[in-house]
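J.: Would you mind keeping the following structure in view while I ask a few things?
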Amino acid sequence: MKRILISDGLDKAAIARLESLGFAVDQQFYPSEELGAALKNYDAVVVRSATKVRKAHIDLAKEGKLQLIIRGGVGVDNIDVAYAEENGIRVKNTPAASSNSVAELALAHMLSCARFVSIAGHSMRQGKWEKKAYGGGIEISDKTLGVIGYGRIGRALGQKAQALSMRVLAYDVYQDASLVCDTMQYVSLEELLQRSDFISLHTPSLDGKPLICAETIAQMKDGVVFVNTSRGGNVDESALLAGLESGKIRAAGLDVFAEEPSRNEALLAHPRVSCTPHIAASTEEAQGRIGDEVVHILQTFFSL
Ligand SMILES: NC(=O)c1ccc[n+]([C@@H]2O[C@H](COP(=O)([O-])OP(=O)(O)OC[C@H]3O[C@@H](n4cnc5c(N)ncnc54)[C@H](O)[C@@H]3O)[C@@H](O)[C@H]2O)c1
């Protein structure tokens, strides 16, 4: 019987299906110092983002029977993938399962930023009625959305934005000409920064200097709305805060942060920041689809 460790939780229906397929499933989160030894006893481990599988864990796990690490979600930056694969442990993820959920949260942040939804709600819960302060909102219709990274999530957001009467400019190192139409075109990063009223970031975690930094912010339109649901490291938070304080950036919607949980109080408390604690993929529907994909991967991998 194959033993599976579910480290950060998985949809209940998926766990029931795994058990009905004959897998022995344990649900347990191990602290980092115990994880490597625990992994020796499992054929596969399923993680989300909380569990970090690093070289030291892999060195211990490879002495046991671990064959497969599954990341339920997209980014695999919490796993030392190359090292695992070099040591004969395969790494798989569920790349498409949460794209729509993430795109919907990016759109929610765009609307929240445009109409002060987050800060106005906070103000009302403090007993205030600040109709004037939050009355100067903007519409998203007929505006230009710049999407940096036009992959699964970027495209899902682009389609929704076009349906809401926005024009979409996309910047990506890879381009799919079949997506170009009257309301969507690929442009250079410079052109996107200069022409967009809203900018949403959807690249993978990029190494090196953050893509959104003082230099790229300086090229943006005055009063731009910026949204990041990709990875916190893609944005220089000090430069973002400076942009908000100067008014260069009208508002920012953030689901991901340089450090998580974020302790950047100046950014989180800024009245023009709409923020969520890395929940873009956390919908009932996405959890269900992630569960389905995890079951499929395990079934296929172990030929059950
Ligand atoms: N907030 C969340 O909970 C959450 C959930 C899922 C995914 N994500 C993040 O969303 C991001 C996008 O996920 P996806 O599924 O759309 O990935 P994807 O691979 O489908 O798309 C990423 C796109 O970025 C492009 N790209 C890569 N490097 C680039 C660069 N330097 N400049 C411009 N474009 C570049 C790629 O060509 C690709 O088209 C990832 O960072 C992922 O970690 C966040």
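The values are calculated or read from the model by the stated rules, or taken from the named source; none is laboratory data. Here the structure is a predicted model, which is why all the values come from computation and not from measurement. When we count neighbours, we look across all protein chains shown, and the Cβ atoms used for this are built from the backbone with ideal geometry, even at glycine. When the accessible area is computed, the model is the full protein with side chains, heavy atoms only, and any ligands, DNA or RNA have been set aside. Shrake-Rupley method; radii C 1.70, N 1.55, O 1.52, S 1.80 Å.
J.: Return the residue satisfying two criteria in turn: it lies in the stretch 272-288 and is open to solvent by 70 Å² or more (accessible area, probe 1.4 Å) and more than 12 Å from the ligand (Cβ to nearest atom), and of such residues it is nearest to Arg231 (Cα to Cα).
T.: By that ranking, first place goes to Arg272.
J.: Let me ask another. Given (1) open to solvent by 20 Å² or more (accessible area, probe 1.4 Å); (2) of a type outside the set (Phe, Trp, Tyr); (3) outside any loop (DSSP other than H, G, I, E, B), identify the lone condition not met by Ala133.
T.: Looking at each condition in turn, Ala133 falls short on (3).
J.: Does the stretch 204-226 include one or more residues that are open to solvent by 10 Å² or more (accessible area, probe 1.4 Å), of a type outside the set (Lys, Arg), closer than 20 Å to Arg152 by Cα and modelled with pLDDT of 95 or more?
T.: Yes, there is a match, as at least one residue in the stretch 204-226 is open to solvent by 10 Å² or more (accessible area, probe 1.4 Å), of a type outside the set (Lys, Arg), closer than 20 Å to Arg152 by Cα and modelled with pLDDT of 95 or more.
J.: Can you tell me which residues in the stretch 41-95 are touching a strand residue (DSSP E or B) at 6+ places or on another chain (Cβ under 7 Å), open to solvent by 40 Å² or more (accessible area, probe 1.4 Å) and not in a loop (DSSP other than H, G, I, E, B)?
T.: Within the stretch 41-95, Val81, Glu85, Arg90, Lys92, Asn93 meet the criteria.
J.: Follow-up. Which of the residues spanning the stretch 177-190 are open to solvent by 20 Å² or more (accessible area, probe 1.4 Å), touching a residue at least 12 places away in the same chain (Cβ under 8 Å) and in a loop (DSSP other than H, G, I, E, B)?
T.: Within the stretch 177-190, Thr183, Ser188 qualify.
J.: Being touching a Ser or Thr at 6+ places or on another chain (Cβ under 8 Å), surrounded by fewer than 20 Cβ atoms within 10 Å (Cβ to Cβ) and not small (Gly, Ala, Ser) is the filter here; which residues of the stretch 141-163 pass it?
T.: Listed by number, the residues that qualify are Asp142, Thr144, Arg152, Gln162.
J.: Give me a count of the residues in the stretch 147-172 that are β-branched (Val, Ile, Thr) and near the ligand (Cβ under 8 Å from one of its atoms).
T.: Selection size over the stretch 147-172: 2.
J.: Can you name every residue in the stretch 191-203 that is open to solvent by 10 Å² or more (accessible area, probe 1.4 Å) and touching a residue at least 60 places away in the same chain (Cβ under 8 Å)? Steps first, answer last, please.
T.: Initial filter on the stretch 191-203 (open to solvent by 10 Å² or more (accessible area, probe 1.4 Å)): 191, 194-195, 197, 202-203.
Selection gives His202 alone.
J.: For the stretch 43-71, which residues satisfy the criterion of being under 21 Å from Leu206 (Cα atoms) and at pLDDT 95 or above?
T.: So the first thing to find is which residues in the stretch 43-71 are under 21 Å from Leu206 (Cα atoms), and the list is 48-55, 71.
The answer is Thr51, Lys52, Val53, Arg54, Lys55, Arg71.
J.: Within the stretch 210-304, considering only helices (runs of 4 or more DSSP H) that don't extend past its boundaries, which have at least 1 residues that are among the β-branched types (Val, Ile, Thr)?
T.: Numbers: elements: 214-219, 237-246, 265-268, 284-301.
Counting at least 1 such residues, we get 214-219, 284-301.
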